[in-house]
Structures are given as structure tokens and as C-alpha cells.
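Colleague: Got a structure here, written out as C-alpha cells. Questions coming.
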Protein chains: 2
Amino acid sequence: MRIAQVAPLAESVPPRLYGGTERVVSWLTEELVVQGHDVTLFASGDSATSAELVRSVPEGLRLSGVRDHTASLLVMLDDVRRRAIDFDIIHFHIDLLQFPLFRKASDRCLTTLHGRIDLADFHPVYRAFPTMPLVSISDNQRLPLPSANWLTTIQHGLPPGTAPVVNPGGGYLAFLGRIAPEKRPDRAIEIAKQVGLPLKIAAKVDPADKEYFEHMIRPQLDHPLIEFIGEIGDHEKRKFLGDAAALLFPIDWPEPFGLVMIEAMREGTPVVAWRCGSVPEVIDEGVTGFAVGSIDEAVCAVGLALRLDRASIRLRFEQRFTASRMATSYRAAYDRVLSGLHLPASERIERGAIEGIELPCLAAGTSPIVNDIREPLPLGAKL
Amino acid sequence: MRIAQVAPLAESVPPRLYGGTERVVSWLTEELVVQGHDVTLFASGDSATSAELVRSVPEGLRLSGVRDHTASLLVMLDDVRRRAIDFDIIHFHIDLLQFPLFRKASDRCLTTLHGRIDLADFHPVYRAFPTMPLVSISDNQRLPLPSANWLTTIQHGLPPGTAPVVNPGGGYLAFLGRIAPEKRPDRAIEIAKQVGLPLKIAAKVDPADKEYFEHMIRPQLDHPLIEFIGEIGDHEKRKFLGDAAALLFPIDWPEPFGLVMIEAMREGTPVVAWRCGSVPEVIDEGVTGFAVGSIDEAVCAVGLALRLDRASIRLRFEQRFTASRMATSYRAAYDRVLSGLHLPASERIERGAIEGIELPCLAAGTSPIVNDIREPLPLGAKL
């Protein structure tokens, strides 16, 4: 299948530092290439991929100092439009700019929404373009917009674990991510104190969160059990998670996925997380960790988590959260889009050009097609 | 002529409080109706107009608490697209979202850029869509992008003055706008002190500028000549400007236009402004005011300004800066776009559909047309 992946331009794919979406796009792209597909990646010019790279900007826009990415994204989208004839399916990883332009190609494109959608600012576009298929990264993510055109939920996946799973030498609890109010590092600190285990905080402090860090967190770092180690690089993360007795993820907001949870599971490390957002869907209760709702529950859960079998955690990760599984799920989603079956009969639309471009019939062997793509799909047609 | 005006959605048209762009769109729209055109205004539902109003959102997005306007604008643009068949010309007053969608209709649309364009973030879109005609509001505004597809410069215009021009009773210098570093209220204060005339500051303090106000401006308000009167409403503005001996506009940034200058001139009040941005194009030196480059020059200029003939200032305003003049200039610009003559011969494009919509021939009597709109305009064709 000829697949276009359209990435955000904030960071390279994969990102040099942070960028959850760009990391996922990278894993998906590379895995689809491994699975034999013809993949083209639209991303910043400093990206690295085995797919064909279309350099939409010279480098990730954040590092370039560009604050408003709209213009660059619009230019990239026009580029995708001009090359649309080369793809069987176009997979967008940006939130909304593509909707008006690709409205008539909703039978050959889909959009994965990577962020929270509880802020109403974006909702008008999902209501106004109801034929554009959407992919959620957790069922919980959909709740603010239950009637949007959700094709399916596909959870993220990572490349497999490399280090053997061992009993952790570190004997500490891990907190990894950002020091921010909604991540609730204060809860992690309280849990560690009550459990009586060391807590290592590997996190960055964004300028916007500096005041929160100084007032709410720094005063608590004096405690002998609490250690703030600051930012750590990717290469250090696996060891940091692998040596931890458990990962604490005491979030206070509807996290749409939470990559750090599966990064911990990959190393065989159990997760104790607040019952919020995607957490109940990601954690297998009593196998890979526990979802809790209070400090007391969390303290109990840590005790239980330390007794979980780490090899079983790694195994469950391999069953559910590999990049290979994610890519296979997306391939099935592409097939569903191309079949048109996901649309209600009343919504089936004339397969038409994007912006007047005549699209050829789909390549044989990909999906059932209607030869004359300008004819509406007959209602009730069997495919 | 059947004209669509496409406004930003931040504020109603006209705005309840602030909103330079929305004020201009309102004046232009109303004047085009007066001049006999069939005008449709795409704007927020709380707008007030004698044109046909298409309510793109219920009310201005700022007052609705919407921070990211992108989705709402995209939905509005799709609405414009669906109705495009009803218009001879589409006039956009938003910066860039329309470019990919209306790319093929560049022979029947134009965009007025209302803000500064020295920030490079937006430049890619103007480079990638070089056939889309742009209107600048001053020649200076174009400087960061000299090779963009500039159709013409059309300065803003206001409804005419109503109060008779009298010798000002107030005997004060006026500063009107925002307390912000780039507006340089500190310069205005210094000038007033050196001239020995009272300064009345009618300005709002945005949250973002609070610190600047508290540290840099408030300490200077103790002086007997300096009076901070805070925000004033529209109905108070005309009297505030009309009673002033002169308006001080000591800006420190490339202001693309500066409506307050012509609002002062309308009342017969001279302007002393820094030689920055559009100022040299707006001020008629020695007639409506003076452009200066230092406090010393400004102090001299105030003395000279007080001796200018106020009736002549009002007259010059009526010659250059009325809404009627602005609308007439835009009508001529619409004709130029529709004639295709503004495009280099090599850029003349196939007049085509927007997104597959067949556009009928232009209404008779509007502009020269090519009957079959799918045929390219022959090179060198006389129109």
C-alpha cells in the first residue's frame, strides 16, 4: 500500500528532545516500512526515516524559533495535495488544518488525534466535516466529542524492549516527565514518603512551570527520600525505568494516552497511576500495575506492585503495546477507510478529486474499488 | 457587483470594544452597500450590518472565551467556499488560512493584510501561493516581503467627521490607545513635560502589559502635568481627540497603519508621531502634523503643530481618509483582480473551480470575462 504520513512540524521525526506525537509517527512509519509498505513521510527536513522523506521545512519549527506553525503547515498540506495522486491512503497526525482541503478525499484519508479534545476550541471543525475519519488513541479521549466520526481506537506502540528484565537494582520509585501541576509530582512525593521508598524525579521544568516548581515542589526536595535528578536523555530513560521498583503516574488531567506508562512496562516495571484519562485502558489491573484514586490506595498499590512478576509485565507489553501491533492496527484501519464501510449509507459520498485532481483507481489488490471514482458508491452496495 | 467580505471572528463587526480590523471591515462593508453593491458579510453572529450577514459563530470568539480561532475560521471558510458561486469577488480580511482552499480562485479573490508582517512565521504561505493577490495598508508594511503578490496599497478610511472643527478648549496633548512598550507612552510623558503642556493618557492596560505599566509608567503619573484617565469608550473618543491641541503617537515599532492618527485628523487635531512604520505615508508634513525622530524634534514639532490650521487638517482628512475613498479604491482593486491584468503573463492561470465547484460567468457589466472559465486566459489577450 502506498501510504503518506503527515507529521506536525514542531519537531523532527523522531524528535531531538521531546515530542510524543513525532515519536509515535516515527515508530509507525518505520514499522510500516518493515511490513513492506511504500511510505512517504511529510515532516521537517532534519527528520530521519527509512521512508521517503518530503522535507516540508528545513528543521523542526520549535528549534527554528517559529512560534506560529500555521503557515508552514498550510504549505505542507498543499504539497500533500499536489502529490495525493501518489498515495492510496493519507494519514494525518495534525489536528485540523487539513479538513477543508481534503474534505472530498475522506474516503482515502484519516486523522489520528494525539492530544486532549476537551477544550471546545477545536470542536467546530469536527462537527462541520463529519465524513472525515478520526482515530482516537484511547476510548476515554473521545468523551468530549462522542458523536464525531470515530473510526476506531488505536493505542500507541513502541519498539520492543532490548534489556533483559531483571529484579530492579535501584529500589526506588520513578517519576518521569514534566514538573507541571496536572502531572502531580506532589502526589508522587507524598506516596514515596508514606511508602518509605526513595523517589527519583527525572523531569524537566518548562518556563511556564517554573513558578509551580519553585513554590510547590522545591521545598519538598529536602526530604532524604526525595531526589530531583532533572532532565534525562533518551538513552538514560530505559535504564532509569528498568531499575525502578515502580513508576508513579499520579496525573490530574484526562491524559489521552501516556506513553511513559508503556515505556515503563516495556522494561518490566509496574505502573501505579491515577484512574484518569486513558489509564484504566492502558493498565492491566494486577498484571502491569494498578489504577488508583487516592494517596491511600496508591500506597497500598505500590506494595502490591512490587510483588508483580516483571517478566509478565514485559510479556503483556509485547502482546499489547508494540509498534508492530500499532502498525498492523493502522493497516486494518486504512483498509476500512478505503472500503467506505465505516460511513453510514446516507453519508457515502462521491469519490472525487481533491481540488480538481483526478485520482486514478486504487492499485489492484489493496481494497475493493469502484472503477469510475466519480460515481457515487451505490447505497447498500456489497464490497 | 456581488461582494463577499470575510472578517476575522475574534470580535463582532463592528467590535464592541477593540478591534481595528473589524472596525475597518465594518466601514468598508457599509460604504460598499451605500455605493450600491450587493454585499455579504461573513462574521460573528453579534455583528451589525446593512449587508447580508452570514453568522459564522454565534458571537465574537474573544468574548466567548475561545482562544484558538483556527477551527471556527476553517468552518467559516468552508461556508464561503460553498457559497462562492454567489459572488463576483471574495475579499478576505484574515491572514492566511484561505490560501490553500482558494488557490484556484485567485482571479476572483483578494486578501487585505491588516497586521505587521515582519515576523517570519507567516512568510511561507505568501511564497507558496504567489498568485493570491494581497493588499497592503501602507507601503511600509510590505517591506519584509517585497516580492509578494502585492496588488496595491489601500489606506484605511473612516466615516466623516460630525462635530464642527473648533479651536480646542482642552489645551492638552492626547495619548490614546494601549499602555504598551512599543507605543512608548514614556516618550509622550517626556514630551509633555518639556513642552509644558498637560498630557491626558486615555489607554487600557492589558494583562500582558501590567508589569510595564506598574514599573515604567505609574511612577511618572505623579507629575502635575500628567493625567491617566484609563479606557474611554468610542463615544468619548471623538471629543477627547477633538479637544486636544495635538495627538502624540511616539511609536517604537513598524505600525502598519495606525487608525488613531486619522481619527485625530478627522477632528481637526494635528498629529506628532515618530517616523516609524506607516507614519510618513499617513501624515502630510506641515499640514496634518509632523513625523519626528527624537524627543527634541517632537518638542519643536508640538510647537509648530499648535499653529496648524485645524480646518485644513479636517479637509485633508476628507480628501484622503474617508471610508468612501477607501471603498472606491477597493472597488477599483476588485476590477483589477477580475481583469487578470495584475498577474504576470507567465502566471495567468486557468480560471477554475474552487474545490470542484463550477463558477458561472461573471455577471454582465462587471468586468471583462472569458466565457468558458475553464479555458486559460490567452497570453497577451486584450481585455
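Colleague: Based on the Cβ-Cβ distance of A:GLU211 and A:GLU297, what FRET efficiency does E = 1/(1 + (r/R0)^6) give at R0 = 30 Å, to the nearest 0.05?
Modeller: Given R0 = 30 Å and the Cβ-Cβ separation, E is 0.50.
Colleague: Would you mind checking the tilt of helix A:310-320 against the longest principal axis of the Cα atoms of chain A, expressed as 0 to 90 degrees and rounded to 10?
Modeller: 10
Colleague: Taking 51 Å as R0, compute the FRET efficiency from the Cβ-Cβ separation of A:ARG238 and B:ASP118 and round it to 0.05.
Modeller: 0.70
Colleague: Would you calculate, for the protein assembly as shown, the mean residue ellipticity at 222 nm contributed by helices, counting each DSSP H stretch of 4 or more residues as -39,500 (n - 2.57) and dividing by all residues, to the nearest 500?
Modeller: Calculated at 222 nm, the ellipticity per residue is -8500 deg cm²/dmol.
Colleague: Turning to a different aspect of this structure: Using only atoms on other chains, find how many Cβ atoms lie within 10 Å of each Cβ of peptide B:72-81 and report the average.
Modeller: Mean inter-chain Cβ contacts per residue within 10 Å come to 5.
Colleague: Continuing with the same structure: For segment A:42-183, what is the relative contact order in percent, using Cα pairs closer than 8 Å and at least 6 residues apart in sequence?
Modeller: Over segment A:42-183, the number comes to 13 percent.
Colleague: Only bridges with both residues in the protein assembly as shown count here: give the DSSP antiparallel percent, nearest 5.
Modeller: Taking every DSSP beta bridge within the protein assembly as shown, about 5 percent pair in antiparallel fashion.
Colleague: Taking the simple approach of a point 7 Å from Cα along Cα-to-Cβ for both A:LEU315 and B:LEU17, what is their distance in nm?
Modeller: 6.2
Colleague: In addition: Just want to confirm a number: the relative contact order over segment B:88-151, from Cα pairs under 8 angstrom separated by 6+ residues, in percent.
Modeller: Once normalised by length, the contact order is 33 percent.
Colleague: To continue, here is another question. Taking only C-alpha pairs under 8 Å that are 6+ residues apart, what is the relative contact order of chain A in percent?
Modeller: Contact order relative to length: 15 percent.
Colleague: Same structure again: With +1 on each Lys and Arg Cβ and -1 on each Asp and Glu Cβ, and nothing else charged, work out how big the dipole of segment B:124-272 is about its Cα centre, in Debye to the nearest 20.
Modeller: Magnitude of the dipole: close to 300 debye.
Colleague: Charges on Cβ only, +1 for Lys and Arg, -1 for Asp and Glu, centred on the Cα centroid of chain B; of B:HIS37, B:GLY60, B:PHE290, which one is farthest towards the dipole's positive end?
Modeller: B:HIS37
Colleague: A further question on this structure: To the nearest 10 degrees, how steeply does helix A:70-83 sit against the main Cα axis of chain A, on a 0 to 90 scale?
Modeller: 50
Colleague: Excluding residues fewer than 8 places away in the same chain, name every one of the lysines whose C-alpha is closer than 28 Å to that of B:LYS104.
Modeller: Within the straight-line cut-off, B:LYS104 pairs with A:LYS104, B:LYS382.
Colleague: 5 Å is the cut-off here: which amide hydrogens, built 1.01 Å from N in the peptide plane, fall below it relative to B:GLY289, excluding neighbours closer than 5 in sequence?
Modeller: B:VAL271, B:ASP284
Colleague: Using a simple charge model, +1 on the beta-carbon of Lys and Arg, -1 on the beta-carbon of Asp and Glu, nothing else, what dipole does the protein assembly as shown show about its Cα centre, in debye to the nearest 20?
Modeller: 640
Colleague: Report, to the nearest 10°, how far helix B:295-305 tilts away from the longest principal axis of the Cα atoms in chain B, using its own Cα long axis and a range of 0 to 90°.
Modeller: The two axes meet at around 90 degrees.
Colleague: A follow-up question, please. Calculate the dipole size of chain B relative to its Cα centre from +1 charges on Lys and Arg beta carbons and -1 charges on Asp and Glu beta carbons; express the result in debye to the nearest 20.
Modeller: My answer is approximately 460 debye.
Colleague: For the cross-link pairs B:LYS183/B:LYS237; A:LYS183/B:LYS210; A:LYS183/B:LYS204; A:LYS204/A:LYS239, which exceed 26 Å when the distance is taken from alpha carbon to alpha carbon?
Modeller: Table pairs above 26 Å Cα-Cα are A:LYS183/B:LYS210; A:LYS183/B:LYS204.
Colleague: Hey, another quick one. Report the Cα centroid-to-centroid distance between segment B:34-51 and segment A:83-125 in angstrom, as an integer.
Modeller: Rounded to whole Å, the Cα centres lie 32 Å apart.
Colleague: Give me the distance in nm between label points sitting 7 Å out from Cα along the Cα-to-Cβ direction at B:GLN194 and B:ARG307, one decimal.
Modeller: Roughly 1.9 nm, to one decimal.
Colleague: Can you return the aspartates and glutamates within cross-link range of A:LYS200? Criterion is Cα-Cα under 12 Å, with same-chain partners fewer than 8 residues away left out.
Modeller: A:GLU227, A:GLU231, A:ASP243
The numbers here are math on the coordinates, done by the rules we state, and not lab data. Please read all numbers here as calculations on a predicted model, not as lab measurements. For neighbour counting, all protein chains shown are included, and Cβ atoms are generated from backbone atoms with ideal geometry for every residue, glycine included.
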